[in-house]
Amino acid sequence: MQPHDLRVAVFSGNYNYVRDGANQALNRLVGFLLAHGVAVRVYSPTSSRPAFTPTGDLVKVPGMRLPGSRGEYKLAWGLSPSVRRDLAAFAPNIVHAAAPELLGHAAAGYARRHGIASVASLHTRFETYPRYYGLRFIEPLVERLLTRFYNRFDRVVVPSPSVGELLCDWGVRTPIGIWSRGIDHDRFRPDRRDNAWRRSLGIADDAVVVGFLGRLVKEKGLDIFAEVAAELRRRAVPHRVLVIGEGPARDWFARAASDAVFAGFQSGEALGRAVASMDVFFNPSVTETFGNVTTEAMAAGVPVVAARATGAVDLIEDGRTGCLVSPRDVAAYADAIARIVADPALRRAMGGAAHARAAEYRWDSANQAVLETYLQVMAERRSRSAWREP
């Protein structure tokens, strides 16, 4: 079988109505598949004001906004009659589910009923989310539900080896492959640093900037970030905090980190400039499965201090390209950042090593691995079918 023989139906809870790392990866994958002759159709809830133009053909799936503080996201009910008709006309031979919600379960069921190959991709550590909303006690239940979900597929692709190990520990028996991530190396590079832009934000040229980049939601570790910033102030460590991003927790975070400079959402060349203008990148999130923002900072030559958790442990060489810290150890985070702030030579050495390490992450090679996964799953299914026929 060749790539042009593939007809892939991708199911996503959010393909483009809110910009996040997961849908950025999916859009890049779809573009890569289309460029290689694969027929692709995407099924996802949509919005009248999407965050960006989708790559490929996008079919609207009915959904409702999530209640509470995460109302920017939608929950799809499943496969409506119109979606089923569209699927029947498209006639996929591979189903790819990108999220473990109702639409993902419906996609898995559709694949089984129609004898279609199925692949799931894992993008987010959803089992960690309850702890940020006072519901930590349900995490074991969420893990069991996720295990059941991923065991319904022919293959699961994860962004990093540490996430694959996590799934195996849960009891996922489905074969697991790696779908890594890439970096726009023209956008994220050290020479994008811009002191004039920093000065426009009130940051002096000689100030050491500790930066945050990402959606401003509590599950990104904003509480720990704010506590560490307060500890650095208590220790009189000279630094400025720069926050890049927007999100529903912005007001809360602005109160918790009151001396931070909030530069808002940045994209394109402006984003590359913002990242390169940091001196230390601080990422205390434990919900990452890869950490796109971590590799972007590394590519820009910025040392990273991050939680010793999935994603970061596969990217950061502790003591060489940055520092890994026990996830909620505020004092240890402050120790690591203070050491890097106080030693310009260490900052330069770590930043250079991080830049070199990030060079290996390329989107084409990452997405090629998914295409090869599709072809392998199809070959295995054909082999089993041929074995049964006699």
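The values are calculated or read from the model by the stated rules, or taken from the named source; none is laboratory data. The structure displayed is predicted, hence computed values, not measured ones. Backbone-built Cβ (ideal geometry, glycine too); neighbour counts: all protein chains shown. Note: areas computed on protein heavy atoms with side chains; ligands, DNA, RNA excluded. Shrake-Rupley method; radii C 1.70, N 1.55, O 1.52, S 1.80 Å.
Would the range 14-22 turn up any residue that is under 21 Å from residue 267 (Cβ atoms), open to solvent by 10 Å² or more (accessible area, probe 1.4 Å) and assigned to a helix (DSSP H, G or I)? Yes, the conditions are met somewhere in the range 14-22.
Within the range 106-146, restricting attention to residues that are farther than 28 Å from residue 384 by Cβ and not in a helix (DSSP H, G or I), which residue is modelled with the highest pLDDT? Top of the filtered list is 123. Considering 274, 270, which residue is in contact with a helix residue (DSSP H, G or I) (Cβ under 9 Å, 6 or more places away or on another chain) and crowded, with 24+ Cβ neighbours inside 10 Å? Result: 274 is the single residue among 274, 270 that is in contact with a helix residue (DSSP H, G or I) (Cβ under 9 Å, 6 or more places away or on another chain) and crowded, with 24+ Cβ neighbours inside 10 Å.
The condition (being in contact with a strand residue (DSSP E or B) (Cβ under 6 Å, 6 or more places away or on another chain) and either surrounded by 14 or more Cβ atoms within 10 Å (Cβ to Cβ) or within 30 Å of residue 174 (Cβ to Cβ) (or both)) is satisfied by just one residue among 338, 332: 332. Screening the range 28-86 for residues that are small (Gly, Ala, Ser), closer than 20 Å to residue 248 by Cβ and assigned to a loop (DSSP other than H, G, I, E, B) and picking the one that is most open to solvent (accessible area, probe 1.4 Å) gives 48. Within the range 284-329, the set of residues being small (Gly, Ala, Ser) and open to solvent by less than 20 Å² (accessible area, probe 1.4 Å) comprises 285, 291, 297, 299, 300, 306, 307, 309, 311, 312, 322.
Remark: residue 318 falls outside the filter, which requires a residue to be of a type in the set (Asp, Glu) and over 27 Å from residue 179 (Cβ atoms). The range 274-390 holds helices (runs of 4 or more DSSP H) entirely within its bounds, and those carrying 2 or more residues that are modelled with pLDDT under 95, more than 18 Å from the chain's Cα centre (by Cα) and more than 18 Å from residue 220 (Cα to Cα) map to 363-388.
You will find that of 98, 107, the residue that is among the hydrophobic types (A, V, I, L, M, F, W, C), within 30 Å of residue 268 (Cβ to Cβ) and in contact with a strand residue (DSSP E or B) (Cβ under 8 Å, 6 or more places away or on another chain) is 98 and no other.
Is it true that residue 103 is in contact with a Phe, Trp or Tyr (Cβ under 8 Å, 6 or more places away or on another chain), assigned to a helix (DSSP H, G or I) and buried (at least 19 other Cβ atoms within 10 Å of the Cβ)? So residue 103 passes the test. Filtered by the rule that a residue be more than 20 Å from residue 272 (Cα to Cα), open to solvent by 20 Å² or more (accessible area, probe 1.4 Å) and among the charged types (D, E, K, R), the range 207-250 gives 218, 220, 223, 227, 231, 233, 234, 235, 250.
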